[in-house]
Amino acid sequence: MTACTVIGLGEAGAIYASALVAAGHQVTGFDPVAPTTPAGVTRAATAADACRGADIVLVLTGAAAARSVAAECLPVLPEGSCYADLTSSSPHVMRELGRLPGKALFADVAILGPVPTQGAQTPLMASGPGAQAVAHLLTPLGAAVEIADGEPGAAMAHKLLRSVLMKGLASVVVEAVTAGRAAGLEDWIRGQIARQLAGDGQAVIDRFLVGTAKHAQRRSKEMQDTAEYLSAELQVPAEMSTASAAALTRMAAESAPALR
């Protein structure tokens with residue numbers, strides 16, 4: 001049995017705390033605003049109180065609180081313990097927190113999926129001196145924990161690169177389906193999206209990398225027309241189409257000298 005502390009008992013924190021209790025661990029939690037405490041979790045009055053004597057601390061607050069939580073908790077943790085930050089703080093902040101004085105091993109942990117739907121089985125990536133301790137604790141819960149080489153911040157750097165794709169792709173899909181619905185063509189556009197997401201992913205990547213720069217000038221005008229069609233005629237948001245037009249215009253300008 002491991003003495004675990006969960007800082008932040010919101011949706012994600014409560015899921016991890018409950019899973020740790022179910023796995024037989026001793027779990028202490030702290031949250032200044034969460035209205036309920038998961039069954040089996042002992043709720044402390046302060047973050048520092050929750051961390052005293054802990055073997056491992058999982059921080060699942062908002063990123064804005066990462067510095068203040070670390071400053072309060074790290075000084076009270078014993079040698080050999082692990083302090084794992086699972087917030088969405090930037091790589092720079094994770095490196096900064098990893099250099100704070102303290103006896104605990106620091107781990108930067110990136111959550112690579114939606115915890116509300118995947119629970120404690122959500123894939124994770126960890127970096128820093130405490131990464132192995134995180135994997136040892138959470139792998140038995142069903143989580144695939146990948147260890148990233150490098151100092152704290154390496155895991156979050158991977159996550160933010162993934163976010164360029166996942167959040168950008170999600171926003172594009174939302175915009176396309178919203179426009180398709182407004183045009184009475186939702187089923188058709190859904191089929192187009194599904195076909196593009198299927199098949200040989202590496203071939204699609206290569207086609208995008210080569211074709212986008214090669215045809216940037218023509219495609220920039222097409223996306224300008226697309227953005228105008230969405231906003232003026234369909235009267236739906238066109239932020240992603242507008243951004244695509246701007247990006248393609250930039251690529252066309254950058255590649256123009258090479259094409260002369």
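Observations on the structure shown:
- Matching option when the condition is charged (D, E, K, R), touching a helix residue (DSSP H, G or I) at 6+ places or on another chain (Cβ under 7 Å) and modelled with pLDDT of 90 or more, among Glu222, Glu233, Glu186: Glu186
- Just one residue in the set Thr42, Thr36 is among the polar types (S, T, N, Q), under 21 Å from Pro116 (Cβ atoms) and either in contact with a Ser or Thr (Cβ under 9 Å, 6 or more places away or on another chain) or not in a strand (DSSP E or B) (or both); that residue is Thr36.
- Checking the range 103-123 against the condition returns a match, with at least one residue being of a type in the set (D, E, K, R) and open to solvent by less than 20 Å² (accessible area, probe 1.4 Å).
- The set of residues in the range 63-98 being open to solvent by 10 Å² or more (accessible area, probe 1.4 Å) and of a type in the set (Gly, Ala, Ser) consists of Ala63, Ala64, Ala65, Ser68, Ala71, Gly80, Ser88, Ser90, Gly98.
- Residues within the range 23-50 that are crowded, with 22+ Cβ neighbours inside 10 Å and either under 25 Å from the mean Cα position of the chain (by Cα) or outside the structural domain of Gly130 (by the TED database) (or both), tallied: 5
- Residue within the range 52-62 that is part of a helix (DSSP H, G or I) and buried (at least 21 other Cβ atoms within 10 Å of the Cβ) present: no
- Counting residues in the range 3-12 that are in contact with an Asp or Glu (Cβ under 6 Å, 6 or more places away or on another chain) and either part of a helix (DSSP H, G or I) or open to solvent by 50 Å² or more (accessible area, probe 1.4 Å) (or both) gives zero.
- Hits in the range 207-247 (condition: within 27 Å of the chain's Cα centre (by Cα), hydrophobic (A, V, I, L, M, F, W, C) and surrounded by 15 or more Cβ atoms within 10 Å (Cβ to Cβ)): Ala238, Met240, Ala243, Ala245, Ala247
- Meets criteria (free of Cβ contacts under 8 Å to residues at least 24 places away in the same chain and not acidic (Asp, Glu)) for Ser68: yes
- Residues of the range 124-135 satisfying the condition of being in a helix (DSSP H, G or I), among the small types (Gly, Ala, Ser) and open to solvent by 10 Å² or more (accessible area, probe 1.4 Å): Ala133, Ala135
- For Tyr16: the one exception among (1) hydroxyl-bearing (Ser, Thr, Tyr); (2) under 21 Å from the mean Cα position of the chain (by Cα); (3) at pLDDT below 95: (3)
- Some residue of the range 81-93 being in contact (Cβ under 8 Å) with a residue 40 or more places away in the chain, in a strand (DSSP E or B) and more than 19 Å from Gly153 (Cβ to Cβ): no
- Selection status of Val174, closer than 28 Å to Leu112 by Cα and touching a helix residue (DSSP H, G or I) at 6+ places or on another chain (Cβ under 9 Å): yes
- Here Glu175 fits the description: in a helix (DSSP H, G or I) and open to solvent by less than 100 Å² (accessible area, probe 1.4 Å).
- Extreme residue, nearest to Gly113 (Cα to Cα), among residues of the range 1-33 that are in contact (Cβ under 8 Å) with a residue 40 or more places away in the chain and touching a His at 6+ places or on another chain (Cβ under 7 Å): Cys4
- Flag if Val76 is of a type in the set (A, V, I, L, M), in the same structural domain as Thr28 (by the TED database) and in contact with a Lys or Arg (Cβ under 8 Å, 6 or more places away or on another chain): yes
- Among residues of the range 42-59 that are touching a residue at least 12 places away in the same chain (Cβ under 8 Å) and on the phi > 0 side of the Ramachandran plot, those with a beta-carbon under 9 Å from a residue that is aliphatic (A, V, I, L, M) and not in a strand (DSSP E or B) at least six positions away or on a different chain give the pairs Gly53/Val76; Gly53/Leu77.
The values are calculated or read from the model by the stated rules, or taken from the named source; none is laboratory data. None of the values given here were measured: they were computed from a predicted structure. No Cβ is skipped: glycine too gets one built from the backbone with ideal geometry, and neighbour counts run over all protein chains shown. The area values use the complete protein model at the heavy-atom level, side chains included, leaving out ligands, DNA and RNA. Shrake-Rupley method; radii C 1.70, N 1.55, O 1.52, S 1.80 Å.
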